[in-house]
1. Pop out the carbon and sulfur fraction of the accessible area of the range 65-220 as a percent, whole number, probe 1.4 Å.
2. Please turn the phi angles of the range 343-357 into ³J(HN,Hα) values with the Karplus equation 6.51 cos²θ - 1.76 cosθ + 1.60 (θ = phi - 60°), one per residue in order, whole Hz, x for glycine and proline.
3. I'd like the Karplus ³J(HN,Hα) series for the range 407-419: coefficients 6.51, -1.76, 1.60, θ = phi - 60°, whole numbers in Hz, and an x wherever there's a Gly or Pro.
4. Accessible area per residue for the range 113-247 in Å², computed with a 1.4 Å probe and the full protein assembly in place, what is it?
5. What length, rounded to one decimal in nm, is gained on full extension from T148 through to L383, with 0.36 nm per residue of separation minus their alpha-carbon distance?
6. Which aspartates and glutamates, on any chain, are close to K361 with Cα under 20 Å apart, when same-chain ones fewer than 8 places away are left out?
7. Under a crude label model (7 Å from the Cα following the beta-carbon direction), how far is K335 from Q420 in nanometres?
8. Using modelled backbone amide H atoms (1.01 Å from N, in-plane), which distant-in-sequence or interchain residues come within less than 5 Å of G346's amide H?
Amino acid sequence: DSDLSMRTLSTPSPALICPPSSQAFVNGRGSSTSSSSVTGETVAMVHSPPTSCLPHSHIRPASRLQKEQAPIDRLPDQAIIQIFSHLPTNQLCRCARVCRRWYNLAWDPRLWRTIRLTGDTINVDRALRLLTRRLCQDTPNVCLMLETVIVSGCRRLTDRGLYTISQCCPELRRLEVSGCYNISNEAVFDVVSRCPNLEHLDVSGCSKVTCISLTREASIKLSPMHGKQISIRYLDMTDCFVLEDEGLHIIAAHCTQLSHLYLRRCLRITDEGLRYLMIYCTSIKELSVSDCRFVSDFGMREVAKLESRLRYLSIAHCGRITDVGIRYIAKYCSKLRYLNARGCEGITDHGLEYLAKNCTKLKSLDIGKCPLVSDAGMEFLALNCFNLKRLSLKSCESVTGQGLQIVAANCFDLQMLNVQDCEISMEALRFVKRHCKRCIIEHSNPAFF
């Protein structure tokens, strides 16, 4: 600390991390600030501004109270670090500019396991470069403490920002870049190649990303480190519209440890892609192929190969899935806890019968907009799935109050029930409320509250 006090300190300006139009609050009131107040990439900081900077008329004699230590300065370092740990990245940078003590505390390595930036107008590439440069001071060119980077929604993020992360953060474990549609395959390849500990990757909404793989050069250099395999366990590729079966094949071959995979609205995925997936990724616990309109019962036959490992499955709006596909899942995936089959109009009471009798530990079920499901299906659920906590029957026109009463009389732990756009009587809704006291009912009956 004594050495630090003898030199000028610098920290990335929060104005580079926040949008220029952000509001500054003075005395509890918002006041607009412009980017013209920022004169460089870094802001020089000293313990206190020299008094000569102020006009003599503005210098007031310090009162006895002002000479005393401020209440927050009486807190021990550990307490202030604990407070700082709840601040986002931009606020932490602001705190580093207050005084020399706060500077030292704000850059405590324990506070920089995570970088979280948000905003459409932020120059995130520049912010990442400045932050990693500061975090690399004690360990040149490497940020050993940084494990999580979240820049979701930063639309100005480009490959340059990801290259900064890949080169400086070898210990990275979690990366979220959802909605950053300017990044490409090459930058993602570089990150997964240089960060062998990366386990959580969210590239949802990144329309240019078509697969996840190692770079050719990195696969040769890093093969002793992770055997040409990527350690990703959680992968979200929602809204990656150009992802095709061949891309999914590459992902499966390189990411064999996947346990959570979300492919919502990947419209080009077919049953063939799911077949590749099940060949390599046998440990998947959660899978979503919602709105993948080319996935059919044959795809469910492949997914059923996961057997008791599968706990979560979303096939919402997959119109080609019928009772046949549900029967495959019910027969082999007996430990299924969550199923979203909303909009699968080919599912009937027979499919619910297979499901209820084989997946008795089911806790959450969404079969909204399945017009062929009726009170008979509700009876199968009520007599077999006693642990059911969430049930959505939205727009199931064939379900009546009688079916609901059977469910309520047997599933006492029900916590959420959606019967919007269903013809349910007031008496049935009251019956549910009496038997399932913790249940929140979503309905479209204005007379019931």
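The values are calculated or read from the model by the stated rules, or taken from the named source; none is laboratory data. As the structure is a computational prediction, the values presented were derived from the model and not from experiment. Quick reminder, even Gly has a Cβ in these numbers, built from the backbone with ideal geometry, and neighbours come from all protein chains shown. Only protein heavy atoms, including side chains, enter the accessible area calculation; ligands, DNA and RNA are left aside. Shrake-Rupley method; radii C 1.70, N 1.55, O 1.52, S 1.80 Å.
1. Values: 3500 of 7280 Å².
On the range 65-220, the fraction of accessible area on carbon and sulfur atoms equals 48 percent.
2. 3J(HN,Hα) across the range 343-357, in whole Hz: x, 7, 6, x, 7, 10, 4, 5, x, 5, 4, 4, 5, 5, 6.
3. The phi angles translate into 5, 5, 6, 10, 9, 5, 8, 4, 10, 9, 9, 10, 10 Hz.
4. On a per-residue basis, 43 Å².
5. Values: separation 235, 0.36 × 235 = 84.60 nm, distance 4.53 nm.
Here the answer is 80.1 nm.
6. Result set, ordered by chain and number: E286, E307, D323, D349, E353, E379, D413.
7. Between K335 and Q420, the simple spin-label model gives 3.4 nm.
8. When sequence neighbours closer than 5 places are left aside, there are no close amide H contacts.
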